[in-house]
Structure formats: structure tokens, C-alpha cells
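The values are calculated or read from the model by the stated rules, or taken from the named source; none is laboratory data. Predicted, not measured: the structure shown is a model, and the values here were computed from it. Every residue, glycine as well, gets a Cβ built from its backbone with ideal geometry; the counts of neighbours run over all protein chains shown.
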Amino acid sequence: MSKSIWYSSVTATISSLGLNAVPAGLVSILLILSTVGLPATEVPLLFAVDWMLDRIRTSLNVYGDGFASSVVEHILKGKLKASSALELQRRESMIL
């Protein structure tokens, strides 16, 4: 694997952790291009198609968040039911 591919992969991975909530990913694209040393002269071309890529990134982000929350719910299902039952008993005892 060439160094430029390696650097761009590492930079894209690290920047994706902090730039997920940034709309229009051109900021991250410019960051990756400058890190690798590629010229930013073709950014207007990227800007023309970034709106579609942004929708795909957002869809994947929402899908990933939903999947993670369903996994956590599945793992904690028994604990959540027990906790809810104890909370209900505590509230009922406070009312009486």
C-alpha cells in the first residue's frame, strides 16, 4: 500500500470521529487533501456532488445509531425490565 493511501485512510478515519456532525463534508475533504499533499484545485467538482454524498453519509449515520441502540436495548432488556419493575414498586410505595 502506498504512503498516500495509508495517510489518507488514517486521516479520514481520525477526522470522521470528530467531524460526523459537521454538515457538508467539504471541511473533512479539504483536511484530507491537505494532509496527503494533493492539490485542492478540484474541490469545485467535489462540491457539485457533495450534496448527494452528504445525504448518503447522513443515512448511514442514522442507520448506525439505530443499530447501536437496538443492540444495547437487546443486551440490557432483562435489566431494564427489572429496573422498571423496581421503580414502579418504589413509586407505588411512596403514594400509599
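Reported count of residues in the range 3-16, each being modelled with pLDDT of 70 or more and either over 21 Å from Thr41 (Cβ atoms) or of a type in the set (Phe, Trp, Tyr) (or both), is 7. Leu45 falls short of the stated requirement of being surrounded by 10 or more Cβ atoms within 10 Å (Cβ to Cβ), hydrophobic (A, V, I, L, M, F, W, C), without any contact (Cβ under 8 Å) to a residue 60 or more places away in the chain and assigned to a helix (DSSP H, G or I). Residue selection: Leu33 satisfies the criterion of being under 21 Å from Ser8 (Cα atoms), part of a helix (DSSP H, G or I) and touching a helix residue (DSSP H, G or I) at 6+ places or on another chain (Cβ under 6 Å). For the range 40-96, which positions are modelled with pLDDT under 80, among the aliphatic types (A, V, I, L, M) and either under 16 Å from the mean Cα position of the chain (by Cα) or more than 30 Å from Ser28 (Cβ to Cβ) (or both)? Leu53, Leu80, Ala82, Ala85, Leu86, Leu88, Met94, Ile95, Leu96, listed by residue number.
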